[in-house]
Every structure is written in structure tokens, then in C-alpha cells.
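Structure, as C-alpha cells:
The values are calculated or read from the model by the stated rules, or taken from the named source; none is laboratory data. No experiment lies behind these values; they were computed from the predicted model shown. Quick reminder, even Gly has a Cβ in these numbers, built from the backbone with ideal geometry, and neighbours come from all protein chains shown. Surface accessibility is based on the protein's heavy atoms, side chains included, excluding ligands, DNA and RNA. Shrake-Rupley method; radii C 1.70, N 1.55, O 1.52, S 1.80 Å.
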Amino acid sequence: MGKLKKILLSVGWFGVFLVYTSANRSPANGYELAVYQATPLLFWVGLGVALLTTLCTVLYYRGKTQKMGIIIGILAIFAFASLPYLRSYFYYGAFDTVNHLGTVVDFLGGYMGIDVVMYPGLHLYASAISLLLGFEPRLSLLLIVGICIGIFVLSVPLVTRFLTQDPEIQATSWVTALLLMPIMGVRIPRFEATPTLIALMFVPICFLSVLLYFNNRRYANRIVVLFTFSALVLFHPQQAVVFISGLFLFTSYIFFRDHIHTSSIRPNQLASITLLSSVILALWLSNQRGFTSAAAGYLESLFTSPSASGATPQSSSVEAVGLTLFQIYTRTLLVETAAAIVVGVVVVAFLVPQIRPTVPVDNRTFTLTVSMFIPAGFFFVIFLAIGSQSQFLRYVSYLLVFGTIVLPIGLHWSIGGVFPSQISVILITIVLVFGLFATIPALHPSPFVFQSNQQLTEGQMSGYEKTFEHQMDGTSITALHTSVFRHRNALYGKAASERGLHGMTPVMEAIKPLNNHRSYWRNSYVHPHFNDQDLPNGVERNTYVVVTDSDYQERVGLYGGLTFTKDDFQYLDRDPRINKPISNGDAEIYYVHSSY
């Protein structure tokens, strides 16, 4: 057995070596539509070997061997989440992720204070890395993604230790954490530097601090709770609201159940820590007009908008390229759905005394964990009723954070309660192997899940920069699917761009709507098929159109010409009313002479 352990660990470390060396030696050359295909095969071989080694050493060994297996797993999953950093992407992410880069630029330049941003935690974190390590802001944001994933994988099993002292369940929790169930490959949160991702990955740390306080009521532990909760507020108030709601529910439960009153935690202490945390959240939100206005808008939508609108167009667009929503669902959420069923059944079983499982679980801690599900489930239903997909999926991710914590208990209860110990461990191993290898292909956006890689190349950013430099008064700038103003913010800083610092034109004046009747300049995109190949008649002012290599690969290669065909792109070079003043291979900048 001793020799087998050494061989197993050696193979695992060799897998880690393959992962890092193959990724580091294959920097991206231009835009890559499919990150899985563009990344060397050796990386995926090494990742599979490392994860299998972790699974075997963690489930079947204890002591030093198990700890080494845990380290191998964390290093492997860090590399997987940090592929854009390891493969030297210029930047990774679209839309708001690009905006966050501009905010970090502002923080480092001293042009924006933390009170101006609703969730400055991400930007402070990235600024600190840039100052301490001398990294460019874009690299700091790329690195943060892997760090957050590592924190999540490390903290979830530590929380599970408070739920149960069963060594087999504790061991399983290290593997279930590697499933990264809260990550949505098709929507936020995904492997992008966003406040939502960093907040969700930090929730287990915040919950862990609460459990430390519950088990040891030292004053220092109370300070730790307040500190971690304050950090969660800065990372994203949305997640902090859900977290404090769960803590409030548990506190109320303490007051209204007599048998809880006899526990070692006094109700007034629970109330005080909940009250203090609520005050911190309220003080922060009192100065955040954006949060209150967004909340009011969603509340209004609940009573005015039709339920779950917009499903049909999405279904039609998916089916138009030869896929179905069911295929997308099975590729992205199959493992999460199976885990949700297991977690749901075990939660219900613990709440019903007649069928309560015999798995050794601390009832008080488990009750607290269950209370964290309830507010997230409530908000999920609200946003599902509104039809806000981007919002309700965030609450699904929050539910899956705590689902990851409870899942090992559910696996051992559902499988271990039916089969003998040795057989149940083998079956759990098979389930986890399937879970890992079904999840990994769907975590990064790729054609497999009907998504394009969110890579932003240096050439693309250079194309935008040259366009801003050459822009003349009265002209507009637009793109195919992303708001151009975000790239301007990323280049010069969000505050500098929007407010017009350093002699710059404020972004609202520099980036005008394509048409006079479209007053909302942020969403001025090119009409499909370039206005049916008559673009000059589709814009009411002379306009720069930024067309990137990613646009072409995505619209033609991934979406099969649904909105822009190969001939549409060729049309831009045929129309005599359209010039191409800038071209660098990654970005083509066209100047459209309006017919108006």
C-alpha cells in the first residue's frame, strides 16, 4: 500500500506539471472561439490525471496522503479556472467585466473613491494585487478569478466539518467542492472578474466565520464575523442581503423554539451579531442610489411585466442553429439538477422526525444551513416571476453554494444507507467521477454550450483605442454586440471616460446613438445583416463600426449566420460608401458615410 500511495501521488504531481507547463507554453495567438479545443491536449490529460488522483487519495486514504491529494486538486482546479491568465490572454470577459477594468484603473489613479461604487471589493482587491505585485490591472483581474475559486474549494470542506465529524463525509466534501456547481458557464457567474463571482465564492468564508462564533463565543470571533460580513457587503450587497436574511431566519428560530433556548448559544448574542451585521449593510446601502432604484424597478416589474417573458425567442434562436434548449440544459445543468434533488431530499428528511437520516450531523448547524437556503429560494422565485434570467440564475448559484456544502451528506445518506460501506464508497466514487467529467466541459463558455469564448485580444482593444483617437465631432461609434463605451472606460478609466477628465470628451457626448430616435446611446448596436446590407441607410450620422475577429467567428462559425452571414461581412468591403481606415487583423474599423 505504501508503494501504491507513492505511485499515485507521483502520477498526480505529474498531472499538475503537465497542466501548468502546457498552458504556459501555449499562449493564445489571436482570438479563440473554443477554449477547450485551443488549449493543448496535454493540459486536459494532466487535468484529468490530477483530478482522478485527488479523488482516489482523498476518498481512500487519510493523513498526509489525503492532504497531498487535496493540494493536487486545488492546484489543478486553480489552473483550470485561470486558463485565461496562464495562456496569456490580454483580458477575459465582456460587457460589465470590461467596465470593471476601467474602475480598477480609476482606483489606481485616484480618480474614484470606494463610496462611488456599489461593490468596490473586487476593484480594491485587484488594486492591491497591482500595487503589491506590480501587475497591470487587467492581469490582476485575471488572477483574482483563480484565487476566488481556490478560496471556495478550500473553504467549503471546512464548513462541512462543522456539520459532521464523519471522516468519510468530510473527505467527500473535498471532491464535491471541485464540481464548482455555483459556476454558470452560460451566464454570470462564470470565470470572469465580476463582483457576483467573488461574492459567491466568498460566502462560505463568511458562513465559516459565523460557525466559528457559534462554537466559540469569544469576542475575537465576533470581530471576525463582522469583518467577513463587511467584506461580503463590499464584494456585492446582493449576496450580503441574502446572507443576512438567512441569519435573521435562524435567529428568529432560536427565539421561537424552546429546545434551542437550552443550547450553548444565548439568543441575545445571536441577535446582537445579526443586528450589527444588518446595521453595516444598511449604512452601506443608504448611500447607494443604484441599489435602491434597481430594487424599486424589479418590484415594479413584478406587478407590471408578464411572467417569464422572452423564452420563445431564445428557444427559436437556439433551434435555428441545430440545437434545442433541452440539449443546452443537459450540457450545463445536469449535474447541478441531480445534486439539487439529492440535497432537497436530505433537507426534507432532516426536517421530518419520522424519516430523519441516521447520518451523524450536528442538528443546530444543519438548521442554520437550511435557513440560508430559504431567502435565496424566495428571491429566485421573485426574479423567475419577473422573467429576469440574469438575476434568478445568480440566486440559483447562491443555492448551489450551500448545496455544495450539504451534498456530501446527501450522497452518503442516499447511497451509504442502502449499500454496505465498501460498496457505497465505490459507488460514490463512480458518481463523483461522472460529476467531474460532466461538469468540466461546461464551465468555460464554448460552442459545446452554445457560447463563445469571452476572450478580448490586445489587437481588439488596440482597434477600439485607435477608433477613439481618430473619432471626429458628430460621428458615432458602434459594434455588433457589445457596448463600445465599456472599452473606452477600460482604456482610460471609467470616471475619466464618463466625466471627461484630462481633456477627454464625456462618453455620453463621444458615443452617440446611431439614430436620432434612439436616445439610449449605451445600446446602439448595428442592425442585423448590416441593415440588410444597406448600412448607410441604417445610420443617421457618419459612424465608425468596429468589427472584430471574434465577431466573425461567433456570428458565422457559432451561430451559423443567424444575424450576420459570411457574405454580410464581405459586403462591408464592397459598399463604396464604406471605408476601412484601420485594420490590424484582430479588428477591422469601418467608416460608414450616412445617407442622411
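Condition first: open to solvent by 30 Å² or more (accessible area, probe 1.4 Å), part of a helix (DSSP H, G or I) and within 30 Å of L86 (Cα to Cα). Now tell me which residues in the range 164-211 satisfy that.
Hits for the range 164-211 are F202, I205.
Is it the case that the range 133-142 has a residue that's in contact (Cβ under 8 Å) with a residue 60 or more places away in the chain, under 15 Å from the mean Cα position of the chain (by Cα) and buried (at least 24 other Cβ atoms within 10 Å of the Cβ)?
yes
If only one of V346, V318 is modelled with pLDDT of 65 or more, open to solvent by less than 60 Å² (accessible area, probe 1.4 Å) and assigned to a helix (DSSP H, G or I), which one is it?
V346
Please go through the range 37-79 and give me each residue that is among the β-branched types (V, I, T) and open to solvent by less than 10 Å² (accessible area, probe 1.4 Å), ordered by number. It would help to see each step written out before you state the result.
Of all residues in the range 37-79, those among the β-branched types (V, I, T) come to 39, 45, 49, 53-54, 57-58, 65, 70-72, 74, 77.
Matches in the range 37-79: T39, T53, T54, T57, V58, I72, I77.
Go through (1) buried (at least 16 other Cβ atoms within 10 Å of the Cβ); (2) in contact with a Leu (Cβ under 8 Å, 6 or more places away or on another chain); (3) over 26 Å from T160 (Cβ atoms); (4) modelled with pLDDT under 85 for I280 and report which single condition fails.
In the conditions (1) buried (at least 16 other Cβ atoms within 10 Å of the Cβ); (2) in contact with a Leu (Cβ under 8 Å, 6 or more places away or on another chain); (3) over 26 Å from T160 (Cβ atoms); (4) modelled with pLDDT under 85, I280 misses (4) alone.
Quick one: how many residues across the range 380-420 are in a helix (DSSP H, G or I), without any contact (Cβ under 8 Å) to a residue 24 or more places away in the chain and surrounded by fewer than 16 Cβ atoms within 10 Å (Cβ to Cβ)?
Number of matching residues: 1.
Only one of V105, V98, V49 is β-branched (V, I, T), more than 30 Å from R486 (Cβ to Cβ) and touching a helix residue (DSSP H, G or I) at 6+ places or on another chain (Cβ under 8 Å). Can you tell me which?
V49
Restricting attention to the range 212-245, which residues are open to solvent by less than 30 Å² (accessible area, probe 1.4 Å), closer than 16 Å to L368 by Cβ and not β-branched (V, I, T)?
Y213, F214, N221, F229, F243, listed by residue number.
A quick yes/no check of all residues on (1) outside any helix (DSSP H, G or I); (2) more than 24 Å from the chain's Cα centre (by Cα); (3) at pLDDT 90 or above:
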{"residue": "T330", "(1), (2), (3)": "no, no, no"}
{"residue": "T337", "(1), (2), (3)": "no, no, yes"}
{"residue": "I341", "(1), (2), (3)": "no, no, yes"}
{"residue": "F350", "(1), (2), (3)": "no, yes, no"}
{"residue": "V359", "(1), (2), (3)": "yes, yes, no"}
{"residue": "R364", "(1), (2), (3)": "no, yes, no"}
{"residue": "S371", "(1), (2), (3)": "no, no, yes"}
{"residue": "P375", "(1), (2), (3)": "no, no, yes"}
{"residue": "F378", "(1), (2), (3)": "no, no, yes"}
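Starting from residues that are crowded, with 18+ Cβ neighbours inside 10 Å and modelled with pLDDT of 90 or more, keep the ones in the range 577-595 and report whichever is farthest from N537 (Cα to Cα).
By that ranking, first place goes to D586.
Scan the range 449-463 for residues that are part of a helix (DSSP H, G or I) and out of contact with any helix residue (DSSP H, G or I) (no Cβ under 6 Å at 6 or more places or on another chain) and jot them down.
E458, G459, Q460, M461, S462, G463 - these are the residues of the range 449-463 that are part of a helix (DSSP H, G or I) and out of contact with any helix residue (DSSP H, G or I) (no Cβ under 6 Å at 6 or more places or on another chain).
Could you tell me whether G310 is at pLDDT 75 or above and either of a type in the set (A, V, I, L, M) or within 24 Å of the chain's Cα centre (by Cα) (or both)? I'd like the intermediate steps shown before the answer.
On the way: at pLDDT 75 or above: no; either of a type in the set (A, V, I, L, M) or within 24 Å of the chain's Cα centre (by Cα) (or both): yes.
The answer is no for G310.
Pull out all pairs, ordered by first then second residue, where Cβ-Cβ is under 6 Å, the residues are six or more apart or on different chains, the first lies in the range 145-170 and is closer than 16 Å to Q66 by Cα, and the second is at pLDDT below 95 and open to solvent by 40 Å² or more (accessible area, probe 1.4 Å).
Taking only residues 6 or more apart or on different chains, the pairs are D166/P360; Q170/R161.
State which residue pairs qualify: first residue part of a helix (DSSP H, G or I) and inside the range 63-75, second residue open to solvent by 40 Å² or more (accessible area, probe 1.4 Å) and basic (K, R) in any location, beta carbons under 7 Å apart, and separation of 6 or more residues or different chains.
T65/K5
For the range 80-99: of the residues being open to solvent by 40 Å² or more (accessible area, probe 1.4 Å) and out of contact with any Asp or Glu (no Cβ under 7 Å at 6 or more places or on another chain), which is nearest to K494 (Cα to Cα)?
Of the range 80-99, the ones open to solvent by 40 Å² or more (accessible area, probe 1.4 Å) are 85, 88, 90, 95-96.
Narrowing the set further to residues that are out of contact with any Asp or Glu (no Cβ under 7 Å at 6 or more places or on another chain) leaves 85, 88, 95-96.
Values: Y85: 23, S88: 24, F95: 13, D96: 11 Å.
Checked the range 80-99; the qualifying residue nearest to K494 (Cα to Cα) is D96.
Looking at the range 481-500, which of its residues are more than 15 Å from L101 (Cα to Cα) and either modelled with pLDDT of 85 or more or of a type in the set (V, I, T) (or both)?
Within the range 481-500, the subset more than 15 Å from L101 (Cα to Cα) is 481-482, 499-500.
Answer for the range 481-500, where residues must be more than 15 Å from L101 (Cα to Cα) and either modelled with pLDDT of 85 or more or of a type in the set (V, I, T) (or both): just T482.
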